[in-house]
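The values are calculated or read from the model by the stated rules, or taken from the named source; none is laboratory data. On a predicted model such as this, the values are computed, not experimentally measured, just so you know. Neighbour counts are summed over all protein chains in view; Cβ atoms, including those assigned to glycine, are modelled from backbone coordinates with ideal geometry. Surface areas here come from the heavy atoms of the whole protein model, side chains and all, with no ligands, DNA or RNA. Shrake-Rupley method; radii C 1.70, N 1.55, O 1.52, S 1.80 Å.
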Amino acid sequence: METSSHHLISKLRAERGETLEAFARAIGCSSKGRISEMERGLCLPTPEQALAIERISGGTIDASAISP
C-alpha cells in the first residue's frame, strides 16, 4: 500500500465528519474495525470499497491508488 493512501482515507472520513461505523456503511463495508485498519495502513480496501471511496470523494481519491 502506498504510504499516504491510508492518510487519504482517514482525511476523507474526517472531512465528512463521519464515525468509523458511518464511513463503513458509506463504502459498503460491514466492519468499522476494518476501516480503522485501513486508516492505519494495515489493510487495503477491496476494489469495490475503493470505487466507493473514489465516488464519495468526488474523484479526488483514485480507486487504483488505494486498492490492489
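So in the stretch 55-68, with the set limited to residues that are in a helix (DSSP H, G or I) and not polar (S, T, N, Q), which one is most open to solvent (accessible area, probe 1.4 Å)? Spell out how you get there, then give the answer.
Just the residues of the stretch 55-68 that are in a helix (DSSP H, G or I), to begin with: 55-56, 63-66.
Checking the rest, the ones that are also not polar (S, T, N, Q) come to 55-56, 63, 65-66.
Values: Arg55: 156, Ile56: 32, Ala63: 11, Ala65: 43, Ile66: 3 Å².
Applying the filter and picking the extreme gives Arg55.
Give me a count of the residues in the stretch 1-25 that are more than 13 Å from Ile66 (Cα to Cα), open to solvent by 30 Å² or more (accessible area, probe 1.4 Å) and either touching a residue at least 60 places away in the same chain (Cβ under 8 Å) or in a helix (DSSP H, G or I) (or both).
8
If a residue must be of a type outside the set (Lys, Arg) and either open to solvent by 40 Å² or more (accessible area, probe 1.4 Å) or more than 14 Å from Leu12 (Cβ to Cβ) (or both), how many such residues does the stretch 37-49 contain? So that I can check it myself, show each step before the final result.
Let us first name the residues in the stretch 37-49 that are of a type outside the set (Lys, Arg), namely 37-39, 41-49.
Then keep just the ones that are either open to solvent by 40 Å² or more (accessible area, probe 1.4 Å) or more than 14 Å from Leu12 (Cβ to Cβ) (or both); that gives 37, 41-44, 46-48.
Looking only at that region, the number is 8.
Here are the criteria: (1) open to solvent by 50 Å² or more (accessible area, probe 1.4 Å); (2) touching a Gly at 6+ places or on another chain (Cβ under 9 Å). Tell me which single one Ala52 does not satisfy.
So the condition that Ala52 fails would be (1).
Looking at Arg40, Arg34, can you tell me which residue is on the phi < 0 side of the Ramachandran plot, of a type in the set (Lys, Arg) and touching a His at 6+ places or on another chain (Cβ under 9 Å)? Before you say what the answer is, go through the steps one by one.
Details: Arg34 fails: touching a His at 6+ places or on another chain (Cβ under 9 Å).
Exactly one of Arg40, Arg34 is on the phi < 0 side of the Ramachandran plot, of a type in the set (Lys, Arg) and touching a His at 6+ places or on another chain (Cβ under 9 Å), namely Arg40.
If you scan the stretch 26-36, which residues turn out to be assigned to a helix (DSSP H, G or I) and open to solvent by less than 20 Å² (accessible area, probe 1.4 Å)? Break it down stepwise before answering.
Going through the stretch 26-36, the residues assigned to a helix (DSSP H, G or I) turn out to be 26, 32-36.
The answer is Ile35, and nothing else.
Which residues, taken from the stretch 17-31, are at pLDDT 95 or above, in contact with a helix residue (DSSP H, G or I) (Cβ under 7 Å, 6 or more places away or on another chain) and not acidic (Asp, Glu)?
Correct list: Leu20, Phe23, Ala24, Ala26, Ile27, Gly28, Cys29.
Can you pull out every residue in the stretch 17-33 that is of a type outside the set (S, T, N, Q) and closer than 18 Å to Ser57 by Cβ? Walk me through it before giving the result.
From the stretch 17-33, those of a type outside the set (S, T, N, Q) are 17-18, 20-29, 32-33; that's our starting set.
If the condition is that a residue be of a type outside the set (S, T, N, Q) and closer than 18 Å to Ser57 by Cβ, then Gly17, Glu18, Leu20, Ala22, Phe23, Ala24, Arg25, Ala26, Ile27, Gly28, Cys29 are the ones that fit.
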